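Enquirer: Structure below; questions to follow.
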Amino acid sequence: MAGVLVLLSIALITIYFRESSGGGLHQVQSAGATVLRPFEIAADRVSRPFRDAYGYFAGLVHAKSQNNRLRHEVEQLRQRETLNLSAASENSDLRKKLHFINSPSFPRGYGYVTAPIIAQPQAAYQQQVTIGAGSSSGIRQFDPVVTGEGLVGTVVRVAHNVSLVSLLTDDTTSVSATDVKTGAQGVVKAGASFDHVGKDQQVEQGDLLVTAGWKSAGLSSIYPRGIPIGQVTSVGQNEVDLYKHVQLQPFVNFKTLSSLVVLFPPKNR
Amino acid sequence: MIADIAKGAGVLFVAAILQVTLLSQIDVFYGAPDLVLVTLVAVALLRGTIFGAAAGFGAGLVVDTATLQTLGVTSLLLTISGYWIGRYGETTGRDRTHAPFLSVAVVTLLYSFGALVLHYMLGDPASASRVLLDAFPFELIFNLILTLPVYALCRRLFRPPPSGLEEVQLLG
């Protein structure tokens, strides 16, 4: 009996692994996930007040120091906002004069669906979450996923009412990015490093990184341009390597995610 | 027997739903409690190999379906875990006080190692140091904390089967 179940499990893995995302087992799993969804949402709702209470008291512990830091940050941001408004106005005027045609950028031109997280990663090395919206809401594979803080990841698997989102911190996630201040181009890998940045490019600690949103020869990045990714925490280089060593801290706190926004071009719907 | 199957399915289904929605959010150095594994250990200890393997297979399917992960991976690991613990329960472990704790400790280690190997074979990015050095100690502690209440609950649900040795009182 146990031997049969082990063989059945191995058969399931083999078939699931080899078939396409529209295959029979994927369809069965999609239907099963739809059946389980109400139970997951119910469990989430029942536990929400307890988690909120825990979050409230946990937040109080760091409230004072955080308050001072945030006040300082608000002052800096106010000053920066004034400069940005003037730069944006100037930019808009110059674009009109040059008849500049812009590429798609976030959030303009993109539709979105907000969905709750209904299942968390089950192992330390899994950086994927399940959200409670799927193809029935217009979500497609490789749609970018964000929160108000910045880029979260990509949709990697879609069922009828649920989807699997691979987080920015997943080892397989790579995002072409650009340094807002210096324009340096590179690839953010696993949400931790800004790779392929040439030694001739300028990157400094504290610089902000956003998605590059490239388009080339009919191909384009799955991420629209301008989604905040993170802040550079350290920059280094040595004589042997071709590229700089740049580390970053993502803007999104992946431990406190509760709902996500899936972006898609209007034609997806 | 049918009542046992219904109770086993119910308790493991609830454990699986709680696991994927709530307990996985607990993250102390990548370690999180595994309620499904602890519940399976308790059920398998009390009901033996066949029950343990079947319960593990079913619970694994629920977890893989709810999380949209590769179907069969968790089933395979939990089927083997359920069988081994069931075997231990049938032979020597069931009546020993330390059996649930020992079983949970050993299965947590073997499950982590097995999951790591399986994901590695499937080509998933899996960091051995993160799983075995960072996450494992905290996962073990969490699981051992869960063992007492979960085993007590399962013991109430699944009364131990008669051992065949009944007390005989001689008259005269």
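The values are calculated or read from the model by the stated rules, or taken from the named source; none is laboratory data. As the structure is a computational prediction, the values presented were derived from the model and not from experiment. All Cβ positions, glycine included, derive from the backbone under ideal geometry; neighbour counts span all protein chains shown. Please note that ligands, DNA and RNA were not included when accessible areas were found on the heavy atoms of the full protein model with its side chains. Shrake-Rupley method; radii C 1.70, N 1.55, O 1.52, S 1.80 Å.
Enquirer: Could you check the spin-label model distance between A:R95 and A:E81? Points 7 Å from the Cα along Cα→Cβ, value in nm.
Expert: Taking the two extended label points, one gets 2.1 nm.
Enquirer: Quick one: grab the alpha carbon gyration tensor of segment B:2-157, order the square roots of its eigenvalues as a ≥ b ≥ c, and give me rounded if a/c is under 1.5, else prolate or oblate depending on whether a/b is larger than b/c.
Expert: Taking the square roots of the gyration eigenvalues as a ≥ b ≥ c, segment B:2-157 is prolate.
Enquirer: What value, in deg cm²/dmol to 500, does the helix sum -39500 (n - 2.57) over DSSP H runs of n ≥ 4 give at 222 nm once divided by the residues of the protein assembly as shown?
Expert: So the calculated ellipticity at 222 nm is -16000 deg cm²/dmol.
Enquirer: While we're looking at this one, here's another question. How long is the protein assembly as shown along each principal axis, judged by its Cα atoms, biggest number first, in Å?
Expert: Rounded to whole Å, the extents work out to 114, 50, 48 Å.
Enquirer: Now for a separate question. Count, for each residue of B:71-84, the Cβ atoms from other chains sitting within 10 Å of its Cβ, then give me the mean as a whole number. List each step's numbers first, then the result.
Expert: Details: counts 11, 11, 6, 3, 7, 8, 1, 2, 8, 4, 0, 2, 5, 1.
Mean inter-chain Cβ contacts per residue within 10 Å come to 5.
Enquirer: When ranked by the protection proxy of mean other Cβ atoms within 10 Å per residue, highest first, what sequence do the peptides A:245-253, A:4-12 form?
Expert: In decreasing order of mean packing, A:245-253, A:4-12 become A:245-253, A:4-12.
Enquirer: Helix A:63-98 against the longest principal axis of chain A: what's the angle in degrees, Cα atoms only, rounded to the nearest 10?
Expert: 70 degrees
Enquirer: Averaged per residue, what accessible surface does the protein assembly as shown expose to a 1.4 Å probe, in Å²?
Expert: 54 Å²
Enquirer: Round to a whole angstrom and tell me the spacing of the C-alpha centers of segment B:36-110 and segment A:181-219.
Expert: 46 Å
Enquirer: Would you mind putting A:89-96, A:114-121, A:133-140 in packing order, based on average other-beta-carbon counts within 10 Å, highest first?
Expert: Listed from highest to lowest mean packing, they are A:114-121, A:133-140, A:89-96.
Enquirer: So, one more: Grab the eigenvalues of the alpha-carbon gyration tensor for segment A:19-119, scale each by 5, take roots, and send me the semi-axes largest first in whole angstrom.
Expert: 41, 32, 9
Enquirer: Run the accessible area of chain A with a 1.4 Å probe and give the carbon-and-sulfur part as a rounded percent. Working shown, then result.
Expert: Values: 8900 of 15510 Å².
Carbon and sulfur atoms account for 57 percent of the accessible area of chain A.
Enquirer: Within chain A, how many Lys pairs sit with Cα atoms under 17 Å apart, leaving out pairs fewer than 8 places apart on the same chain?
Expert: 4
Enquirer: Given a 10 angstrom Cα cut-off, can you work out which residue in B:G60, B:G114, B:G86 is the most mobile in a GNM of chain B?
Expert: Result for chain B, Cα springs under 10 Å: B:G114 fluctuates most.
Enquirer: Size of the dipole of segment A:1-102 about the Cα centre, Lys and Arg at +1 and Asp and Glu at -1 on the beta carbon, nothing else charged, in debye to 20?
Expert: Magnitude of the dipole: close to 240 debye.
Enquirer: Oh, and also: Gaussian network model of chain B, Cα springs within a sub-10 Å range: biggest mean-square fluctuation belongs to which of B:A44, B:A66, B:A53?
Expert: Evaluated over chain B, the most mobile residue of the options is B:A66.
Enquirer: Specify which residue in the list A:T14, A:A115, A:T211 is farthest towards the positive end of the charge dipole of chain A, using unit charges on the beta carbon of Lys, Arg (+1) and Asp, Glu (-1), about the Cα centre.
Expert: Toward the positive end, the furthest listed residue is A:A115.
Enquirer: Give me a single rounded figure for A:9-22: the average over its residues of other chain Cβ atoms within 10 Å of their Cβ.
Expert: For peptide A:9-22, the averaged partner shielding equals 4.
Enquirer: Also, I was wondering about something else. With a 1.4 Å probe on protein heavy atoms only, work out how much accessible surface A and B bury together, total over both chains, in Å² to the nearest 100.
Expert: For A against B, buried area totals roughly 3600 Å².
Enquirer: Mind checking Rg over Rh on segment A:111-268, alpha carbons, Kirkwood formula for Rh?
Expert: Rg/Rh for segment A:111-268 comes to 0.99.
Enquirer: Please check: in the Gaussian network model of chain A (C-alpha springs, under 10 Å), which one of A:Q122, A:Q201, A:Q79 has the largest mean-square fluctuation.
Expert: Comparing A:Q122, A:Q201, A:Q79 in a Gaussian network model of chain A, the most mobile one is A:Q79.
Enquirer: Students often check this: by mean Cβ neighbours within 10 Å, which of A:163-174, A:37-48 ranks highest, and how do the rest follow? If you can, show how the numbers build up before the last one.
Expert: Values: A:163-174: 20.8, A:37-48: 16.0.
Listed from highest to lowest mean packing, they are A:163-174, A:37-48.
Enquirer: Take peptide B:104-115, look around each residue's Cβ out to 10 angstrom, count Cβ atoms belonging to other protein chains, and average those counts.
Expert: Counting Cβ atoms of other protein chains within 10 Å of each residue's Cβ and averaging gives 1.
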